[in-house]
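The values are calculated or read from the model by the stated rules, or taken from the named source; none is laboratory data. The shown structure was predicted, so the numbers you read here are calculated from the model rather than taken from an experiment. All Cβ positions, glycine included, derive from the backbone under ideal geometry; neighbour counts span all protein chains shown. Surface areas here come from the heavy atoms of the whole protein model, side chains and all, with no ligands, DNA or RNA. Shrake-Rupley method; radii C 1.70, N 1.55, O 1.52, S 1.80 Å.
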Amino acid sequence: MSIFPSPSVTRLLQVLALALVAAAPCVHAETSEQILDQYRTQAGTAPDPSRGQQFFTSKHDHEWSCSSCHGDKPVQTGKHVVTGKSIGPLAPAFNQERFTNTAKVEKWFRRNCNDVVGRECTPAEKADVISWLLTLK
Amino acid sequence: MSNRSNAAIHAASACLAFASAALSSVALAEEERNIHSVPLLPLYQQECSACHIAYQPGMLPAGSWQRIVNNLKQHYGVNASLDEDTVKELEQWLTAQADRAPAMPVPPEGHAARSWLAFKLFEVETGHPPEDRITRSSWFWGIHQRMPSAMWRQLENQKAIKSISNCDTCHTTADKGNFSKHNVRAPAALKP
């Protein structure tokens, strides 16, 4: 008997390998550190937590700050400033689901930065904010 | 849409089908003049319930839903933008389920009657409620006509609760599509 698997077994292995690769994104969740890293790389500068806090809690020539909905220290449940609906804590230490999906994070940065700053946030601003949120324990 | 989110949605719809089967038996018994509730498309539940409950699609006409999902960048004062594929999918589902609001009796008098008339006239003229709002629809004011009048007054000037669009301040099971009057409580701020 050959030490090489028969063609059909090889085929089966190939299919299994393919399935594993295809399934990988389903089980793979990103971590907040990985997402911070992506922004850090794009920004090309080191994130600064205190700058992030400043950015988050201040108004930027618009009606609301990030804190208007998320609270000054987003370790607790926030409240949507228009509808009053509660919003789970933003700091990852208090809400495991936060910053685990790049597409979701990008969607909300896009929306909320437009509401608060009137434009998209820069990678550096995003990295600053996340680095601050990660210091909240 | 990516395979990954599709897979998540399929998993979610399996759970949802189960839950909604359990729910619909309850809803049937209580369906007097209640809103026609359907199980929510998982994608709709996911994308349209972060800032308020996911409203029942039957509560607005198809044209209103079309305008809403195609103008999410300017959505009642906030940016709720989504990618085009998601918008298309939501639009298809919403418009297919649209326009199932109960035909409500005309409120005989008082504040409910005034609002009802104003909104009814607008609807007759344009085919949709002002601002494409459920809360500016004539059926909404017809159905709430028997609400205690102290509650009404406060509702109308919208000081006591954040917003009447927030159905779940009073309807404790609104997020499940159940608006039965047996599951209504007066929010603390409205108690006399």
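Anything over 25 Å Cα to Cα? Flag those among A:Lys79/B:Lys73; A:Lys85/B:Lys120; A:Lys104/B:Lys181; A:Lys85/A:Lys107; B:Lys120/B:Lys176; A:Lys104/A:Lys126, in the order listed. Working shown, then result.
Numbers: A:Lys79/B:Lys73 21 Å; A:Lys85/B:Lys120 29 Å; A:Lys104/B:Lys181 36 Å; A:Lys85/A:Lys107 19 Å; B:Lys120/B:Lys176 28 Å; A:Lys104/A:Lys126 14 Å.
Result: A:Lys85/B:Lys120; A:Lys104/B:Lys181; B:Lys120/B:Lys176 exceed 25 Å.
With +1 on the Cβ of every Lys and Arg and -1 on the Cβ of every Asp and Glu, and nothing else charged, how large is the dipole of the range A:30-133 about its Cα centre, in debye rounded to the nearest 20?
Details: 13 positive and 13 negative charges, 56 e Å.
So the magnitude is around 260 debye.
Keeping all protein chains in the complex and leaving out DNA, RNA and ligands, what accessible area do you get for B:Arg67 with a 1.4 Å probe, in Å² to the nearest 10?
100
Apply 1/(1 + (r/R0)^6) to the Cβ-Cβ distance of B:Leu117 and B:Asn70, taking R0 = 30 Å, and write down the FRET efficiency to the nearest 0.05. Before the final figure, lay out the partial values.
On the way: r = 30 Å, r/R0 = 1.00.
Step by step, r from the Cβ atoms, then E = 0.50.
Mind checking which of A:Asn95, A:Gly52, A:Thr83 is farthest towards the positive end of the range A:30-133's charge dipole, using Cβ charges of +1 (Lys, Arg) and -1 (Asp, Glu) about the Cα centre?
A:Thr83
Please calculate the 1.4 Å probe accessible area of A:Phe56, with all protein chains present, and give it to the nearest 10 Å².
10
Rounded, prolate or oblate: which fits the range A:30-133 when a ≥ b ≥ c are the square roots of the eigenvalues of the alpha-carbon gyration tensor, with rounded for a/c under 1.5 and prolate only if a/b beats b/c?
Since a/c reaches 1.5 but b/c is at least a/b, the shape of the range A:30-133 is classed as oblate.
Would you mind computing, in nm to one decimal, how far apart the modelled labels at A:Ala103 and B:Val106 are, each placed 7 Å from Cα along Cα→Cβ?
In this crude spin-label approximation the distance works out to 5.0 nm.
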